[in-house]
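Asker: I have a structure I would like to understand better, so I am pasting it below and will then ask my questions one at a time.
The values are calculated or read from the model by the stated rules, or taken from the named source; none is laboratory data. What you are looking at is a predicted structure, and each value in this text was computed from that prediction instead of being measured. Backbone-built Cβ (ideal geometry, glycine too); neighbour counts: all protein chains shown.
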Amino acid sequence: MKGLDYPRRFPLISLEHPAKQEPPIEQKTVVDGEPVLRVRNLVTRFPLRSGLLNRVTREVHAVEKVSFDLWPGETLSLVGESGSGKSTTGRALLRLVESQGGEIIFNGQRIDTLSPGKLQALRRDIQFIFQDPYASLDPRQTIGDSIIEPLRVHGLLPGKEAAARVAWLLERVGLLPEHAWRYPHEFSGGQRQRICIARALALNPKVIIADEAVSALDVSIRGADYQLVARSPA
């Protein structure tokens with residue numbers, strides 16, 4: 001499975017004007033060298049239990065022998081119908097769900113065999129943007145605290161620098177710095193998803209896994225958010 005360089009931009013076409021516009025020069029973003037992420041024969045299954053003894057009677061084969069490479073600067077999309085295992089594949093890469101087979105290798109290190117402590121440290125370099133922004137944010141925290149939380153967990157940036165980082169991230173996703181003091185219920189679904197994108201960008205990760213991260217956004221601004229996420233990882 002192979003991804004693409006930075007997503008292509010199509011020129012504005014005017015059907016009334018006879019002049020043809022030249023297509024823009026595509027920017028090469030894929031860096032030569034070794035893949036930042038390798039996945040080999042990934043298998044993820046969920047047991048189904050039944051009966052008085054709650055025994056496993058069968059399994060749901062969510063992901064079966066998925067393999068791909070992700071290169072620095074590359075955008076890779078998994079396409080499939082609902083229930084085909086796209087989200088499960090993304091979650092398995094960070095071991096949010098455990099896999100039953102295969103290898104997941106990030107920068108030469110196997111993720112699927114890491115201890116919990118080493119896995120937490122690795123998650124600084126791989127961030128996940130969930131599909132549902134309503135369930136992704138703590139309703140009791142201001143959005144500023146939600147964005148700062150990854151920095152605190154990993155011991156990065158003191159208070160003043162972290163606050164400046166939050167203001168910069170909010171502006172980057174099209175919100176205002178003063179929004180940091182508001183709570184999730186004060187924002188629309190699309191704005192909440194942008195907050196989730198800002199939180200994922202806070203650690204400057206090398207890989208961002210986005211589970212339909214722009215599905216809650218208006219069609220007119222989805223392109224801008226695609227570009228925002230695509231430009232961010234190293």
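Asker: Residue check: is Ala180 closer than 27 Å to Asp69 by Cα, among the hydrophobic types (A, V, I, L, M, F, W, C), surrounded by 14 or more Cβ atoms within 10 Å (Cβ to Cβ) and not assigned by TED's automatic domain parsing to the domain that holds Ile104?
Answerer: Spelling it out, it is not the case that Ala180 is closer than 27 Å to Asp69 by Cα, among the hydrophobic types (A, V, I, L, M, F, W, C), surrounded by 14 or more Cβ atoms within 10 Å (Cβ to Cβ) and not assigned by TED's automatic domain parsing to the domain that holds Ile104.
Asker: Does any residue in segment 79-98 that is in contact (Cβ under 8 Å) with a residue 12 or more places away in the chain and assigned by TED's automatic domain parsing to the domain that holds Val66 come within less than 7 Å, Cβ to Cβ, of a residue that is crowded, with 16+ Cβ neighbours inside 10 Å and part of a helix (DSSP H, G or I) six or more places away or on a different chain, and which pairs are these?
Answerer: Sorted first by the residue in segment 79-98, then by its partner, the pairs are Val97/Thr88; Val97/Arg91.
Asker: Still on this structure, please answer the following. Looking at the structure I just gave you, is Ala121 among the small types (Gly, Ala, Ser), out of contact with any Cys (no Cβ under 9 Å at 6 or more places or on another chain), under 25 Å from Pro35 (Cβ atoms) and in a helix (DSSP H, G or I)?
Answerer: yes
Asker: Could you check segment 45-68 and list, in sequence order, the residues that are surrounded by 10 or more Cβ atoms within 10 Å (Cβ to Cβ) and either of a type in the set (A, V, I, L, M) or not assigned by TED's automatic domain parsing to the domain that holds Ile105 (or both)?
Answerer: Result: Leu48, Val56, Val60, Ala62, Val63, Val66.
Asker: Collect the residues in segment 86-116 that are assigned to a helix (DSSP H, G or I) and over 20 Å from Asp211 (Cα atoms), keeping them in residue-number order.
Answerer: Once the filter is applied, which keeps residues that are assigned to a helix (DSSP H, G or I) and over 20 Å from Asp211 (Cα atoms), segment 86-116 yields only Pro116.
Asker: Can you find a residue in segment 133-156 that is in contact (Cβ under 8 Å) with a residue 60 or more places away in the chain and within 20 Å of the chain's Cα centre (by Cα)?
Answerer: yes
Asker: Counting only residues that are part of a strand (DSSP E or B), within 16 Å of Ile126 (Cα to Cα) and charged (D, E, K, R), how many does segment 57-85 have?
Answerer: 1
Asker: Considering every residue within segment 131-145, establish whether at least one is assigned to a helix (DSSP H, G or I) and among the polar types (S, T, N, Q).
Answerer: Yes, there is a match, as at least one residue in segment 131-145 is assigned to a helix (DSSP H, G or I) and among the polar types (S, T, N, Q).
Asker: Also: Of all residues in segment 69-87 being over 13 Å from Val207 (Cβ atoms), within 13 Å of the chain's Cα centre (by Cα) and polar (S, T, N, Q), which is surrounded by the most Cβ atoms within 10 Å (Cβ to Cβ)?
Answerer: Ser87
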